[in-house]
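*Asks:* Got a structure here, written out as structure tokens. Questions coming.
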Amino acid sequence: MAKFDAYQGAIEPSLITATNIDNAINSPSSAEVLRSKWCVAFANWGMLKRTMGDKIPDFDKFIKEVADNDLINKENMTLNTSDVIKKYSDGKMVRLPESGTLPQGDRQSGYKIIGDFLAENRPEAITLRVKDDGKGKGHTISLQRNPDGKTYTVIDPASKANGTKFDPENLKDSFLSKESPDTRNPYWDKPPYTFDYIKKGK
Amino acid sequence: MAKYLESKNYVINGYGYKKNAHLESVDINEKTDYSDGDLIRICSQPNLTSLAFKRTKVRSFSADASFACSKSNIAELAVINLTINKNELCNLVSTFTNKQLTLALSGIVFTNSDLECISKLKLLKYIAIPDRANISEESFCNFSKQMPQLLGIQLNNSTLATNGLNCILNFPSLRRVTLQNWNSVSEDEMGEWVKKYEKKYNRKLEAQIIDPVGYER
């Protein structure tokens, strides 16, 4: 099984691809709406593709498949994450922290927990709920391991965080976790919520 | 100095002080054991560029601290998730009137008088205004005419409508904007507005106007 070392999803599918998806799944929503709501699907596809390689179809085909299997809502792209990971990977989805959510009053602590996990376990990829209002409204991105085996690249075509480096051992200078009020980072004041990885073995 | 500050629960450099590093940023938070005089010592650190007040009851400068901090190399001031009244906020930001500052505000009550106070910082470079800030169109439009050097603005979840948006055209030097989730302006309209700004000033504007949202079950 070939695995990709390349980052999956660094370039967001074009509006044309979105339109093709829209038509293929016969969605009541427009292509633009699908594209604005598919971050959970996109991040999980990225994590799967990075981990499982060729076994995962291209994004448009992936959406069609999960839609046909009733694992995604065709109107608003709500994804049945855990079932999708179970179906497409050689493992299962584990959501961290086990306690529920990362500390919502302390952004730094949250990123430190993520950093410690990545430094110790070095998964090929994780998805990260980079912000959430506690009522289900939020944004999901993925972090994918670099060839150096230790640092990660942030995959988030919706923001300037896309393509930036995340170094579990240097959170101070990593774009996403930086505690600087850098207004280029749309998450500068948002604490991370949860993160998922694929635990091997069924 | 770093050891002293960490022993009093100041947060150094975001994720803690590493030996031989420069002391570049200091956070004062709810666990900090603050003493008068600390701020004067903090602001005297030559490599200090960033100061943040997070969830703390400490939210004003004494005259001496204000003087020391105005002479510092601080380029970023953050005030996050705390209760602060307009006089306290004005006192805090006015310390940096002569600085090319990034002012990042989040999770605080923010009103027209705060905007008015900030308009005195003529060298202000970047400002993040809190989500859902309670500011009027008139007040914001006045503000927009007084900040010739402002390079970037974040204004999310605003109740301002199209007129308020059009006042952002008055800032002559913007390079980036973050304008997400305005109640009365659609993302399409925002996109059109960005083009309007770019056309007016004949340069590209880095714009974060989309707020992607995804759900799962």
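The values are calculated or read from the model by the stated rules, or taken from the named source; none is laboratory data. These numbers come from a predicted model, not from an experiment. Using ideal geometry, Cβ is built from the backbone for each residue, glycine included, and neighbour counts are taken over all protein chains shown. Remember, those area values only see protein heavy atoms, side chains included, never the ligands or the DNA or RNA. Shrake-Rupley method; radii C 1.70, N 1.55, O 1.52, S 1.80 Å.
*Asks:* Exactly one condition in (1) within 24 Å of B:VAL11 (Cβ to Cβ); (2) in a strand (DSSP E or B); (3) over 15 Å from the mean Cα position of the chain (by Cα) is not met by A:LYS92; state its number.
*Replies:* (1)
*Asks:* Filter segment B:155-177 down to residues that are open to solvent by 10 Å² or more (accessible area, probe 1.4 Å) and of a type in the set (Val, Ile, Thr) and give me whichever is nearest to the other protein chains (Cβ to nearest Cβ).
*Replies:* Across segment B:155-177, the extreme among qualifying residues is B:THR159.
*Asks:* Next question, about the same structure. So, A:GLU98, is that one within 13 Å of chain B (Cβ to nearest Cβ) and surrounded by fewer than 16 Cβ atoms within 10 Å (Cβ to Cβ) or not?
*Replies:* Criteria not met by A:GLU98.
*Asks:* Now, a different point. Kindly provide the set of residues from segment A:79-99 that are modelled with pLDDT under 95 and over 29 Å from A:ASP148 (Cα atoms), ordered by number.
*Replies:* Once the filter is applied, which keeps residues that are modelled with pLDDT under 95 and over 29 Å from A:ASP148 (Cα atoms), segment A:79-99 yields only A:SER99.
*Asks:* Separate question: Given the conditions (1) open to solvent by 20 Å² or more (accessible area, probe 1.4 Å); (2) over 30 Å from A:ASP148 (Cα atoms); (3) in contact (Cβ under 8 Å) with a residue 40 or more places away in the chain, and given that A:SER30 satisfies all but one, which numbered condition is not satisfied?
*Replies:* Of (1) open to solvent by 20 Å² or more (accessible area, probe 1.4 Å); (2) over 30 Å from A:ASP148 (Cα atoms); (3) in contact (Cβ under 8 Å) with a residue 40 or more places away in the chain, only one is false for A:SER30: (3).
*Asks:* Same structure, new question: So which residues in segment B:71-86 are of a type outside the set (Gly, Ala, Ser), part of a loop (DSSP other than H, G, I, E, B) and either touching a Lys or Arg at 6+ places or on another chain (Cβ under 7 Å) or farther than 18 Å from B:SER106 by Cβ (or both)?
*Replies:* B:LYS71, B:ASN73, B:ILE74, B:ASN81, B:LEU82, B:ILE84
*Asks:* Evaluate the following for A:ALA43: is it of a type in the set (Gly, Ala, Ser), in contact (Cβ under 8 Å) with a residue 12 or more places away in the chain and over 24 Å from A:PRO147 (Cα atoms)?
*Replies:* For A:ALA43, the condition - of a type in the set (Gly, Ala, Ser), in contact (Cβ under 8 Å) with a residue 12 or more places away in the chain and over 24 Å from A:PRO147 (Cα atoms) - is not met.
*Asks:* Inside segment B:13-30, can you point out the residues that are more than 10 Å from every other protein chain (Cβ to nearest Cβ) and within 23 Å of the chain's Cα centre (by Cα)?
*Replies:* B:LEU23, B:VAL26, B:ILE28
*Asks:* Would you pick out the residues in segment B:119-154 that are of a type outside the set (Lys, Arg), crowded, with 20+ Cβ neighbours inside 10 Å and within 14 Å of chain A (Cβ to nearest Cβ)?
*Replies:* Once the filter is applied, which keeps residues that are of a type outside the set (Lys, Arg), crowded, with 20+ Cβ neighbours inside 10 Å and within 14 Å of chain A (Cβ to nearest Cβ), segment B:119-154 yields B:LEU124, B:TYR126, B:ILE127, B:ALA128, B:ILE129, B:PRO130, B:ALA133, B:LEU150, B:GLY152, B:ILE153, B:GLN154.
*Asks:* Looking only at residues in segment B:97-118 that are open to solvent by less than 10 Å² (accessible area, probe 1.4 Å) and part of a loop (DSSP other than H, G, I, E, B), which one is nearest to the other protein chains (Cβ to nearest Cβ)?
*Replies:* Going through the qualifying residues, I end up with B:LEU101.
*Asks:* Quick test of your reading of the structure: A:ALA67 fulfils all but one of (1) within 14 Å of chain B (Cβ to nearest Cβ); (2) part of a helix (DSSP H, G or I); (3) closer than 18 Å to A:ILE25 by Cβ. Name the failing condition by number.
*Replies:* (1)
*Asks:* Among (1) open to solvent by 40 Å² or more (accessible area, probe 1.4 Å); (2) assigned to a loop (DSSP other than H, G, I, E, B); (3) within 11 Å of chain A (Cβ to nearest Cβ), there is one condition B:ASP188 misses while meeting the rest; what is its number?
*Replies:* Checking B:ASP188 against (1) open to solvent by 40 Å² or more (accessible area, probe 1.4 Å); (2) assigned to a loop (DSSP other than H, G, I, E, B); (3) within 11 Å of chain A (Cβ to nearest Cβ), the one that fails is (2).
*Asks:* Name the single residue that is nearest to A:ASP22 (Cα to Cα) among those in segment A:41-70 being among the basic types (Lys, Arg) and either surrounded by 16 or more Cβ atoms within 10 Å (Cβ to Cβ) or within 13 Å of the chain's Cα centre (by Cα) (or both).
*Replies:* My answer is A:LYS64.
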